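K.L.:
Quick one: this structure, given as structure tokens, is what I'll be asking you about.
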Protein chains: 2
Amino acid sequence: MDHGELGTFLLAFAAALLGGKLFGELAERIGQPAVLGELAAGVLLGPSLLGLVPLTTGILLVAEIGVLLLLFEVGLETDLTELIRVGGVAIVVAVVGMALPFLGGYLVTRASGFGALTAIFVGAALTATSIGITSRVLSEIGMLATREGQIILGAAVADDILGLVVLAVVSRLAATGSVGVGTALRAAGLSFAFLFLAIVVGVPLGRFLVRFVGRARVRGVLVAAAIAFALLGALGAAKAGSAAIVGALAAGLVLARTDRRHDIQKALEPIVDVFAPVFFVSIGAQVDVRYLNPVAANSRPALLLALALTVVGTVGKFAAGFAAWGKVRCSFIGAGMVPRGEVGLIFAQIGKESGALPEPVFVAVVLAVFATTFLTPPLLAALRPARSPAARPN
Amino acid sequence: MDHGELGTFLLAFAAALLGGKLFGELAERIGQPAVLGELAAGVLLGPSLLGLVPLTTGILLVAEIGVLLLLFEVGLETDLTELIRVGGVAIVVAVVGMALPFLGGYLVTRASGFGALTAIFVGAALTATSIGITSRVLSEIGMLATREGQIILGAAVADDILGLVVLAVVSRLAATGSVGVGTALRAAGLSFAFLFLAIVVGVPLGRFLVRFVGRARVRGVLVAAAIAFALLGALGAAKAGSAAIVGALAAGLVLARTDRRHDIQKALEPIVDVFAPVFFVSIGAQVDVRYLNPVAANSRPALLLALALTVVGTVGKFAAGFAAWGKVRCSFIGAGMVPRGEVGLIFAQIGKESGALPEPVFVAVVLAVFATTFLTPPLLAALRPARSPAARPN
């Protein structure tokens, strides 16, 4: 790394940390989750406004480390037995929550006068819930360990895996104009098989690792080994055609079943505190504020389409919450499924590059992804069941 | 970052963590500092042997974060008043410790039949002590807070600043064949002025920051703000023409004078435990083992020159320890000045690119830099004064 690159990186990292924490604190003071403030800080510091946090390789790498360690931490806080118990409900919620927004996005785009391929891309971009945002909010408001929290988390995982299958199918469709059912089924099978295998193999492996490093004398062996385990989980998931974050989550689920769970959590906490906000700031930094100007004539069609997509995207996921059964607050589950994140943005990017998404449609999809993300934290905080445990202390 | 790059990065990060901690533990078991094991792990995992830790942008970035946070932690553990008290001794030790290796390197290279420019580059590459390695070892053996430890640290800082001045002069010499005294003096003045100003301005600024974030409600504001402070210190130092690590160290010295010192240290510890080893592994990974084969005819002249440079480099720095006065163990101070690190490698790199260093001389310089680095941990451990406090518990 040369001198100039290092300077840009140091400034961006420091700005993301200070801005993220300052705005997070402000959000907290007005009764909102801190993550909302971090997203807003990203918009302000990002390339389209202050330009203090450019989306360089360095910042994206720190953001990637942040989201992986966040999901690892979420896994550590999650009871695998409980997650399996809600598995059936979670998968139904995930499937309904993908079908409705897909259909809504497709119909809205067609009704706006665009072709079928464009409409399929828009629909696909609205399918995947962001595990990162949803789990961070659940953790912040102390709802991660509840039945609703577990259903949302389970559904978000299922949905991330299914979202990647949809991505594979749609990418192929954009490239060749056709797609085989075999390819789609194979991708889905691989991803679920990875998660199953990772947990079956991971539990004894994690126990062995923890016992092995328990005898170490040098500083920080446990936390370093635990993080290496999470990175390898992420790598395995990515290699199996799933998302890296799913692997980091699986690593956390597995190490939660060892007797060093609390020691790992304690050492991990400050690391996540430093790296995870950079991820949320980097998501906010991807918003181009020029498209938010409603009086500019050329941004109006994009804004209208964005509004319509936000409505169908929100209503579709929200309705999916009511596919859940048992003694749960369905509206809370629905709200937890609303945020789209990086996967939606990846869809939009591929659609734009392949020519399937014309510029205004691309902008509308990106705006809708952000709108759902910004809507979720206050929505979840408002719909949180009263019987929930107290928010975790800071 | 694309899929393949992410995979390479995840594997390299995990391998550096596991390998570094495993070899660190082995080193500890045979009575050596853990950092020696991390360097050895780097040689094994690096591109010239197993290739599991390639020197990609991602790994170098994590390594850079690691060394910055390590120096920040060293600053937090250091008493500024004591450092100023030993300032005079430290500067004398630094100047003698640069002059002797420079002279030795120059003479050995001339005696081997090379020209003056080549010899100046070799001499310059042997001048700068590695703060990272030396402070890590001092911390590990519980000697950082002693008078000897403070002199070594002070001399290493002075030496790093002077080393950058030498680098500026030598680079200019390589580019133009001549150099102005004004440029050299200006660079030196700027670097020292930065350090002085950073501390004068930094102390009240650090106190304000700590008081301001003390009222925060969200998780991890203190550690995030402290790290942002360190990153901005590093940025300021780099902009002032000094080394980024000097700025991170200054930030630590400054925050050590606040009442949240121990809270910052506690939260920083696991972060340093995870990131710093990646730095030492990445240093080890830069060793090309092909040149270590003594029976290969073409590596013999390089090996002989490397041996001679290692001797003059070690003896010169060791002798500089005896320039210290007061009730101190001079041999320990001398040993602490021996390791060369990244600055030496930067000299070698520039010399090679500018044509001033032919291939065998370049290889010899790199080998000598590594030999001094590998020699230091056992040397310091062996020469540690008996009256020192116990090594810090893990």
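K.L.:
Mind checking which residues of region A:8-39 are basic (Lys, Arg) and in contact with a Lys or Arg (Cβ under 9 Å, 6 or more places away or on another chain)?
P.N.:
Going residue by residue through region A:8-39, those that are basic (Lys, Arg) are A:21, A:29.
Once the filter is applied, which keeps residues that are basic (Lys, Arg) and in contact with a Lys or Arg (Cβ under 9 Å, 6 or more places away or on another chain), region A:8-39 yields only A:ARG29.
K.L.:
Please go through region A:251-267 and pick out each residue that is surrounded by fewer than 24 Cβ atoms within 10 Å (Cβ to Cβ), within 14 Å of another protein chain (Cβ to nearest Cβ) and not in a loop (DSSP other than H, G, I, E, B). Write out each step before concluding.
P.N.:
Just the residues of region A:251-267 that are surrounded by fewer than 24 Cβ atoms within 10 Å (Cβ to Cβ), to begin with: A:256-263, A:265-267.
When the remaining residues are screened for being within 14 Å of another protein chain (Cβ to nearest Cβ), the result is A:260, A:262-263, A:265-267.
Correct list: A:HIS262, A:ASP263, A:GLN265, A:LYS266, A:ALA267.
K.L.:
Let me ask you something else. Could you look through region A:272-296, keep only residues that are over 19 Å from the mean Cα position of the chain (by Cα) and of a type in the set (A, V, I, L, M), and pick out the one that is nearest to the other protein chains (Cβ to nearest Cβ)?
P.N.:
So the residue we want is A:VAL289.
K.L.:
Out of region A:328-345, which residues are in a helix (DSSP H, G or I), at pLDDT below 90 and β-branched (Val, Ile, Thr)? Spell out the reasoning first.
P.N.:
To start, the set of residues in region A:328-345 that are in a helix (DSSP H, G or I) comprises A:330-336, A:342-345.
Remaining after also requiring at pLDDT below 90: A:342-345.
Within region A:328-345, just A:VAL343 meets the criteria.
Rundown of residues vs (1) closer than 30 Å to A:ARG85 by Cβ; (2) open to solvent by 10 Å² or more (accessible area, probe 1.4 Å), yes/no style:
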| position | (1), (2) |
| --- | --- |
| A:ALA335 | yes, no |
| A:ILE346 | no, yes |
| A:GLY351 | no, no |
| A:GLY355 | no, yes |
| A:PRO360 | no, yes |
| A:VAL369 | no, no |
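K.L.:
Check A:GLU77, A:GLU73, A:GLU82 and return the single one that is in contact (Cβ under 8 Å) with a residue 40 or more places away in the chain, surrounded by fewer than 23 Cβ atoms within 10 Å (Cβ to Cβ) and within 25 Å of A:GLY24 (Cβ to Cβ).
P.N.:
Numbers: A:GLU73 fails: surrounded by fewer than 23 Cβ atoms within 10 Å (Cβ to Cβ); A:GLU82 fails: within 25 Å of A:GLY24 (Cβ to Cβ).
It is A:GLU77.
K.L.:
Report the residue count in region A:29-48 for those that are in contact with an Asp or Glu (Cβ under 9 Å, 6 or more places away or on another chain) and surrounded by fewer than 23 Cβ atoms within 10 Å (Cβ to Cβ).
P.N.:
The number of residues fulfilling the criteria is 2.
K.L.:
Can you pull out the residues in region A:16-28 that are among the aliphatic types (A, V, I, L, M) and surrounded by 24 or more Cβ atoms within 10 Å (Cβ to Cβ)?
P.N.:
Hits for region A:16-28 are A:ALA16, A:LEU17, A:LEU18.
K.L.:
Still on this structure, I have one more. Filter region A:206-236 down to residues that are more than 10 Å from chain B (Cβ to nearest Cβ) and closer than 25 Å to A:ALA156 by Cβ, then give me how many there are.
P.N.:
First pass over region A:206-236, keeping only residues more than 10 Å from chain B (Cβ to nearest Cβ): A:206-208, A:210-211, A:214.
Going one step further and asking which of them are closer than 25 Å to A:ALA156 by Cβ, we end up with A:206.
Summing the residues that are more than 10 Å from chain B (Cβ to nearest Cβ) and closer than 25 Å to A:ALA156 by Cβ in region A:206-236 gives 1.
K.L.:
Could I ask something else about it? Out of curiosity, is B:GLY123 closer than 30 Å to B:LEU383 by Cα, crowded, with 21+ Cβ neighbours inside 10 Å and not aliphatic (A, V, I, L, M)? Give the derivation first.
P.N.:
Details: closer than 30 Å to B:LEU383 by Cα: yes; crowded, with 21+ Cβ neighbours inside 10 Å: yes; not aliphatic (A, V, I, L, M): yes.
The answer is yes for B:GLY123.
K.L.:
Could you run through region A:206-248 and say how many residues are buried (at least 16 other Cβ atoms within 10 Å of the Cβ) and in a helix (DSSP H, G or I)?
P.N.:
Of the residues in region A:206-248, the ones buried (at least 16 other Cβ atoms within 10 Å of the Cβ) are A:206-207, A:209-210, A:213, A:216, A:218-248.
In the following step, the residues that additionally are in a helix (DSSP H, G or I) were identified as A:206-207, A:209-210, A:213, A:221-239, A:244-248.
Adding up the residues that qualify gives 29.
K.L.:
A follow-up question, please. Return the only residue of B:GLY104, B:GLY115, B:GLY87 being more than 14 Å from chain A (Cβ to nearest Cβ), modelled with pLDDT of 95 or more and out of contact with any Phe, Trp or Tyr (no Cβ under 6 Å at 6 or more places or on another chain). So that I can check it myself, show each step before the final result.
P.N.:
Working: B:GLY115 fails: modelled with pLDDT of 95 or more; B:GLY87 fails: modelled with pLDDT of 95 or more.
Result: B:GLY104 is the single residue among B:GLY104, B:GLY115, B:GLY87 that is more than 14 Å from chain A (Cβ to nearest Cβ), modelled with pLDDT of 95 or more and out of contact with any Phe, Trp or Tyr (no Cβ under 6 Å at 6 or more places or on another chain).
K.L.:
Evaluate the following for A:ALA63: is it hydrophobic (A, V, I, L, M, F, W, C), part of a helix (DSSP H, G or I) and over 13 Å from the mean Cα position of the chain (by Cα)? Don't jump to the end; show me each part of the working.
P.N.:
Numbers: hydrophobic (A, V, I, L, M, F, W, C): yes; part of a helix (DSSP H, G or I): yes; over 13 Å from the mean Cα position of the chain (by Cα): no.
When the stated conditions are applied, A:ALA63 does not pass them.
K.L.:
Additional query: Considering only region A:103-143, how many residues are of a type in the set (A, V, I, L, M), under 15 Å from the mean Cα position of the chain (by Cα) and either more than 19 Å from A:VAL343 (Cα to Cα) or not in a helix (DSSP H, G or I) (or both)? Reasoning before the result, please.
P.N.:
So the first thing to find is which residues in region A:103-143 are of a type in the set (A, V, I, L, M), and the list is A:103, A:107-108, A:111, A:116-117, A:119-120, A:122, A:124-126, A:128, A:131, A:133, A:137-138, A:141, A:143.
Then drop every residue that is not under 15 Å from the mean Cα position of the chain (by Cα), which leaves A:125-126, A:128, A:131, A:133, A:137-138.
Next cut, either more than 19 Å from A:VAL343 (Cα to Cα) or not in a helix (DSSP H, G or I) (or both) only: A:126, A:128, A:138.
Result for region A:103-143: 3.
K.L.:
If only one of A:ALA193, A:ALA240, A:ALA198, A:ALA248 is of a type outside the set (Asp, Glu) and within 11 Å of chain B (Cβ to nearest Cβ), which one is it? First the steps, then the outcome.
P.N.:
Numbers: A:ALA193 fails: within 11 Å of chain B (Cβ to nearest Cβ); A:ALA240 fails: within 11 Å of chain B (Cβ to nearest Cβ); A:ALA198 fails: within 11 Å of chain B (Cβ to nearest Cβ).
Selected residue: A:ALA248, the only one of A:ALA193, A:ALA240, A:ALA198, A:ALA248 that is of a type outside the set (Asp, Glu) and within 11 Å of chain B (Cβ to nearest Cβ).
K.L.:
Looking at region A:22-36, I want the residues that are under 11 Å from B:ARG217 (Cα atoms) and at the interface with chain B (Cβ under 10 Å from one of its Cβ atoms) and have a partner that is of a type in the set (D, E, K, R) and buried (at least 24 other Cβ atoms within 10 Å of the Cβ) with Cβ atoms under 6 Å, at least 6 apart or on another chain. Which pairs are those?
P.N.:
Between residues of region A:22-36 that are under 11 Å from B:ARG217 (Cα atoms) and at the interface with chain B (Cβ under 10 Å from one of its Cβ atoms) and residues that are of a type in the set (D, E, K, R) and buried (at least 24 other Cβ atoms within 10 Å of the Cβ), the close pairs are A:GLY24/A:GLU38.
K.L.:
Evaluate the following for A:ILE333: is it more than 23 Å from A:LEU107 (Cβ to Cβ) and of a type in the set (Val, Ile, Thr)?
P.N.:
Yes: the conditions hold for A:ILE333.
K.L.:
Next question. If you scan region A:2-14, which residues turn out to be within 8 Å of chain B (Cβ to nearest Cβ) and either open to solvent by less than 30 Å² (accessible area, probe 1.4 Å) or without any contact (Cβ under 8 Å) to a residue 40 or more places away in the chain (or both)? Steps first, please.
P.N.:
At the first step, the residues of region A:2-14 found to be within 8 Å of chain B (Cβ to nearest Cβ) are A:3, A:6-7, A:9-11, A:13-14.
Within region A:2-14, A:HIS3, A:LEU6, A:GLY7, A:PHE9, A:LEU10, A:PHE13, A:ALA14 meet the criteria.
K.L.:
Please go through region B:37-62 and give me each residue that is facing chain A (nearest Cβ under 8 Å) and free of Cβ contacts under 8 Å to residues at least 40 places away in the same chain, ordered by number.
P.N.:
Once the filter is applied, which keeps residues that are facing chain A (nearest Cβ under 8 Å) and free of Cβ contacts under 8 Å to residues at least 40 places away in the same chain, region B:37-62 yields B:THR57, B:LEU61.
K.L.:
Also, I was wondering about something else. I need the full set of residues from region B:268-301 which are of a type in the set (Gly, Ala, Ser) and either open to solvent by 10 Å² or more (accessible area, probe 1.4 Å) or assigned to a helix (DSSP H, G or I) (or both), in order please. Steps first, answer last, please.
P.N.:
Here is the first cut: in region B:268-301, the ones of a type in the set (Gly, Ala, Ser) are B:276, B:282, B:284-285, B:296-297, B:299.
Hits for region B:268-301 are B:ALA276, B:SER282, B:GLY284, B:ALA296, B:ALA297, B:SER299.
K.L.:
Hey, can you tell me all the residues within region B:232-245 that are under 15 Å from B:VAL200 (Cα atoms) and modelled with pLDDT under 90? Working first, answer last.
P.N.:
Keep residues of region B:232-245 that are under 15 Å from B:VAL200 (Cα atoms), which gives B:233, B:236-237.
The one that is under 15 Å from B:VAL200 (Cα atoms) and modelled with pLDDT under 90: B:ALA237.
K.L.:
Among (1) modelled with pLDDT of 85 or more; (2) assigned to a helix (DSSP H, G or I); (3) buried (at least 23 other Cβ atoms within 10 Å of the Cβ), which single condition is B:THR310 missing?
P.N.:
Of everything listed in (1) modelled with pLDDT of 85 or more; (2) assigned to a helix (DSSP H, G or I); (3) buried (at least 23 other Cβ atoms within 10 Å of the Cβ), B:THR310 misses just condition (3).
K.L.:
For region B:323-368, enumerate the residues that are charged (D, E, K, R) and more than 26 Å from B:ALA90 (Cβ to Cβ). Break it down stepwise before answering.
P.N.:
Taking region B:323-368 first, the residues charged (D, E, K, R) are B:327, B:329, B:340, B:342, B:352-353, B:359.
Across region B:323-368, the qualifying residues are B:LYS352, B:GLU353, B:GLU359.
The values are calculated or read from the model by the stated rules, or taken from the named source; none is laboratory data. The structure presented is a predicted model; accordingly, all values stated were derived computationally and were not measured. Positions of Cβ are backbone-derived with ideal geometry, glycine not excepted, and every protein chain shown enters the neighbour counts. Just the protein is used for accessible areas: all its heavy atoms, side chains included, with ligands, DNA and RNA removed. Shrake-Rupley method; radii C 1.70, N 1.55, O 1.52, S 1.80 Å.
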